[in-house]
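Report on the following structure.
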Amino acid sequence: MDGGGEEGKQQPQLVLAHKLFLLSQPDVDDLAKVGLRDDVLAAVKSDDMAALYESLAADGMLEMDAALLAEMRGRIEEETKKFDEKIADAEENLGESEVREAHLAKSLYFIRVGEKEKALEQLKVTEGKTVAVGQKMDLVFYTLQIGLFHMDFDLISKSVDKAKILFEEGGDWERKNRLKVYEGLYCMATRNFKKATSLFLDSVSTFTTYELFPYDTFIFYTVLTSVITLDRVSLKQKVVDAPEILAVIGKVPHLSEFLNSLYNCQYKSFFVAFSGLTEQIKLDRYLQPHFRYFMREVRTVVYSQFLESYKSVTMEAMAASFGVTVDFIDQELSRFIAAGKLHCKIDKVAGVLETNRPDARNAFYQSTIKQGDFLLNRIQKLSRVIDL
């Protein structure tokens, strides 16, 4: 398991995690699942992942072969003994750095065979033998990768906080930049798209975390999170015109059309590109839990942008712009208006949409009055208590 990850070399266990995710998805056809199952079994066998094999067999994803499981367990026991011997030898005959290396090797072995608890325990022991901040940071990256494999958000959150504390002691820019991508991925996977966008955009020109995903996947995430969190001016400046994004956006099917047709108000093309991207979003292990939310937010952005230009517009004109039927637009907008996502009203008789944009100053005035009333009530209650 490589903490750094060379260009284009994704961490093998995260590749395996994605395949396991696809196996559990009803949208993946059975023929593709046969190939995925073979790949998963091959990966489990080659790395002796006994614990994972057992749980997959219990879930019915793989067939249980007791002899294979015993064989894998035997090899793990044998290897663990060898590592313990190397550690004992290093402690007796060699220096502190060799002792640390021997402990680290044992940690990485536990990570490779998928023994989560033992790996975390061993990483703690290794950390106790580590002095340099950079090396401590690398241990945090290993922990983060374990967290991402198991989608253990509590572990990821604690590890990110720990890394930030380490950076206060020192630490190089390369590792700081890598941490931004890890934290951005965590924010995206926990639906904090605003913070994810900010962290991803900071890392566009300094990306080196190939162990997580290739650069074009990173750009895919950056564009998707930016579209629902940035205003038009920021989107143009930071995403649409960004040379690093322009260089690779064409590698991701439909992504360029999705971004540019939204910015250029070509709504018909936008809907075509958007429907092309839905499959990719649905089959992404970090985005899939937020699929419905994301689809809703994107549509809110695009409808708001269209209505921004008009005081009133006919339903027919809007349906024609989006290349959909009037009934579809009617149903869509009704839901968004009822949820308070769009500021307009539908005149069904005339077939017209009338916008009623909220006045920011007026809203601020109303909220100040409300807060003032609340404060006065609190003071009156408090004065009664004091009088008593």
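The values are calculated or read from the model by the stated rules, or taken from the named source; none is laboratory data. Everything quoted here is computed from the prediction, not taken from an experiment. With ideal geometry, Cβ positions are generated from the backbone for all residues, glycine too; neighbour counts draw on all protein chains shown. These accessible areas exclude ligands, DNA and RNA; they are computed on the full protein's heavy atoms, side chains included. Shrake-Rupley method; radii C 1.70, N 1.55, O 1.52, S 1.80 Å.
Report, to the nearest whole %, how much of the accessible area of the chain belongs to carbon and sulfur atoms, 1.4 Å probe, protein only. Let's see the in-between values first.
Values: 10930 of 20600 Å².
Summing carbon and sulfur atoms, their accessible area is 53 percent of the total for the chain.
Annotation: the range 88-177 has a Kirkwood hydrodynamic radius of 13.6 angstrom, from the mean reciprocal C-alpha pair distance. Over the range 172-288, all Cα pairs binned in 10 Å intervals from 0 give whole-percent P(r) values of 14, 48, 34, 5, 0, listed from short to long. Think of a 1.4 Å ball rolled over the protein heavy atoms: the range 52-97 then has 69 Å² of accessible area per residue. Across Phe193, Phe110, Phe167, mean-square fluctuation computed from a Gaussian network of the chain (C-alpha pairs under 10 Å connected) peaks at Phe167.
Within the range 206-263, the ratio Rg/Rh, alpha carbon atoms throughout and Rh by Kirkwood, equals 0.95.
The residues of the range 137-187 expose on average 40 square angstrom of accessible surface per residue, using a 1.4 Å probe on protein heavy atoms. So, counting K/R as plus one and D/E as minus one, what does the shell of residues with Cβ under 12 Å around Ala196 add up to? Local net charge: +2.
Of all lysines in the structure, those lying under 17 Å Cα to Cα from Lys282, and not within fewer than 8 positions of it along the same chain, are Lys19, Lys33.
Relative to one another, the C-alpha centroids of the range 36-79 and the range 151-220 are positioned 31 Å apart. As a rough guide to protection, the peptides 196-205, 38-47 ranked by mean Cβ packing within 10 Å, highest first, stand as 196-205, 38-47.
What is the diffusion coefficient of the chain in µm²/s, taking the Kirkwood radius over Cα pairs and the Stokes-Einstein relation at 20 °C with a viscosity of 1.002 mPa s? Here the translational diffusion coefficient equals 87 µm²/s.
The value for the range 254-388 of Rg(Cα) / (2.2 N^0.38 Å) is 1.49. Under 1.5 on a/c is rounded, so check that first for the range 274-326, then, if it is not, pick prolate when a/b is larger than b/c and oblate when it is not; a ≥ b ≥ c are the square roots of the alpha carbon gyration tensor eigenvalues. It comes out prolate by the Cα gyration axes. Spacing of the modelled spin labels on Leu376 and Glu354, each 7 Å from Cα toward Cβ, amounts to 3.3 nm.
So which of Lys124/Lys162; Lys81/Lys106; Lys81/Lys116; Lys118/Lys158; Lys9/Lys236 end up more than 20 Å apart by C-alpha? If you can, show how the numbers build up before the last one.
Working: Lys124/Lys162 13 Å; Lys81/Lys106 10 Å; Lys81/Lys116 18 Å; Lys118/Lys158 18 Å; Lys9/Lys236 31 Å.
Listed pairs above 20 Å: Lys9/Lys236.
Annotation: Cα Rg of the range 8-153 relative to the compact-globule expectation 2.2 N^0.38 Å equals 1.18.
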